[in-house]
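Below is one structure, written out as structure tokens; comments come after it.
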Amino acid sequence: MPEARTFMMGKHPAPLPGELLYCKNHMWCRPGAEGIHTFGFTAYAVRLMQDVYFLEWRIDPGLVTLKQEIGYIETQKATSGLYAPVAGRLLRFNAALLEDPGTINVDNYERGWLFEMKCDTTEMLNADGYYAHLEAGWEATQRILKAQVNKAEDEE
């Protein structure tokens with residue numbers, strides 16, 4: 001099993017547990033028995049979103065394609081669609097998140113899981129691969145974040 005990693009987002013650590021797999025859309029995957037895997041947002045995604053306060057699923061469980069819109073999320077930073085990280089059969093959503101989506105903010109790797117899916121994990125990244133993916137895009141992400149801060153300050 002790969003070692004756990006921690007990606008530093010400035011002063012803020014984003015832990016990457018070694019037993020998980022990672023998707024480039026910043027979701028983690030906990031491999032499970034019989035090809036049934038659990039997905040959620042990585043600490044990196046949660047830090048960028050800052051505060052999740054609304055979540056809605058737009059589809060019922062069933063077959064999904066890669067990047068198919070499956071839900072909708074509102075955070076302190078943005079409102080956007082949620083997209084399937086891989087193709088497969090979505091089996092169930094974490095219904096508890098509809099009552100308290102803030103669980104994602106405080107326990108993203110456990111109780112804040114999003115959905116279970118039967119899918120192939122061969123294209124997913126291990127902690128080292130995901131760390132490298134984050135590192136490669138961090139400079140561009142910082143530019144976007146600074147532009148958002150400047151825009152917010154101009155609007156005040």
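Computed from the coordinates by the stated procedures, all read-outs in this text should not be read as laboratory data. Owing to the predicted nature of the structure, the values given are computational and were not obtained by experimental measurement.
Annotations
- For PHE41, the residues whose amide H sits under 5 Å from its own are TRP28, LEU114, ignoring neighbours fewer than 5 places away on the same chain, with H placed 1.01 Å from N.
- Note on the chain: Lys pairs 8 or more places apart or on different chains, Cα atoms under 17 Å apart, count 5.
- For the chain, the convex hull drawn through the C-alpha positions has a volume of 116 cubic angstrom per residue.
- Highest GNM mean-square fluctuation among HIS12, HIS26, HIS37, for the chain modelled with Cα contacts below 10 Å: HIS12.
- Helix 127-155 axis, angle to the chain major axis (alpha carbon atoms, nearest 10°): 40 degrees
- The chain - mean residue ellipticity at 222 nm from DSSP helices (-39,500 (n - 2.57) per run, n ≥ 4, rounded to 500): -8500 deg cm²/dmol
- Scanning residues 5 or more positions from LEU82 or on other chains, those with amide H under 5 Å from its amide H are ILE70, GLY71, TYR72, ILE73, with H placed 1.01 Å from N in the peptide plane.
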